Amino acid sequence: MAHNGEHHHHAGRSSADFLDARRVLREIGLSEGQVVLDAGSGSGHFSKAASNLVGPGGTVWALDADQPSLDRLIRDIFTSGLRNIRPLLSDLTETLPVKAGSVDLCLLVNVLHGLAWDKTAPQALNEIARVLKPGGRLAVVEFKKQEMEFGPPLEVRLEPEDVERLAAPAGLRKERSFEAGTYSYAVVFRK
């Protein structure tokens, strides 16, 4: 995503270093045949895990604004034969190239804090709500708001209550939250 000079970086660490994507997705309840939108997928750590869980009857849209990250994912798709992943070059703050009411689960993994910092969370969450099926779910995974050696600066991090406040205007109701790992939590919303 295009960001101003104030934007933070994750000190080069991928979520693969500290998040067990398969465990988190099982906890969310992802199942075979579902359609997933991994919004801000990066090089696809969660997309690849979702691909295996939804199986050949499911689809994973891996959406990111960074072409080099998607290129890495595309290479992995070819070498691993993950034919149900569809890479999409797009910015979350614009109209998503995904049909309205077509997605069972949207993932925002370590993405929402950046949108909130840039004040673009409302339009992104409205777009996510648009593409979710009625009863579809959004799972937000974020860094805990505590000091650690990596991840965004403390002032950029979100508490679970901040995530709820951001999601509510888009018509997304909190279903539950859980520990997503040592450094992270997840909040699951339903449309």
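At the listed q of 0.15, 0.22, 0.27 Å⁻¹, the Debye profile of the range 79-141, built from one uniform point per Cα, gives log10 I(q)/I(0) equal to -0.50, -0.98, -1.27.
Annotation: per residue accessible area for the chain equals 46 Å², rounded to a whole number [probe 1.4 Å, protein chains only].
Length gained on full extension, Gln67 to Leu89, computed as 0.36 nm times the residue gap minus the Cα-Cα distance: 7.3 nm.
Here the simple spin-label model places points 7 Å from the Cα toward Cβ, and for Ser102 and Arg75 these points are separated by 2.9 nm. Spin-label pair Glu155-Asn126: with each label point 7 Å from Cα along the Cα-Cβ axis, the two points sit 2.8 nm from one another. Here, the chain has an Rg and a Dmax of 15.1, 42 Å when only alpha carbons are counted.
The string of couplings for the range 150-155 from the Karplus curve (6.51, -1.76, 1.60, θ = phi - 60°) is 9, x, x, x, 3, 5 Hz, one whole number per residue in order, with x for Gly and Pro. Relative to the globular-protein estimate of 2.2 N^0.38 Å, the Cα radius of gyration of the range 26-67 stands at 1.10. Per-residue ellipticity at 222 nm, computed for the chain from helices alone with -39500 (n - 2.57) per DSSP H run of at least four residues, works out to -8500 deg cm²/dmol.
Extent of the range 36-107 along its three principal axes (Cα atoms, max minus min coordinate, largest first): 31, 27, 15 Å.
The amide H of Leu88, built 1.01 Å from its N in the peptide plane, has Ala62, Leu63, Asp64 as neighbours under 5 Å, considering only residues 5 or more places off or on other chains. Distance between the 7 Å Cα→Cβ label points at Asn52 and Glu179: 2.3 nm. The range 33-52 and the range 87-133 have Cα centres lying 14 Å from one another.
The values are calculated or read from the model by the stated rules, or taken from the named source; none is laboratory data. All figures in this text were calculated on a predicted structure; none of them were measured in a lab. Note that we place each Cβ from the backbone using ideal geometry, even for glycine, and neighbour counts take in every protein chain shown. Heads up: the accessible areas ignore ligands, DNA and RNA and are worked out on the full protein's heavy atoms, side chains in. Shrake-Rupley method; radii C 1.70, N 1.55, O 1.52, S 1.80 Å.
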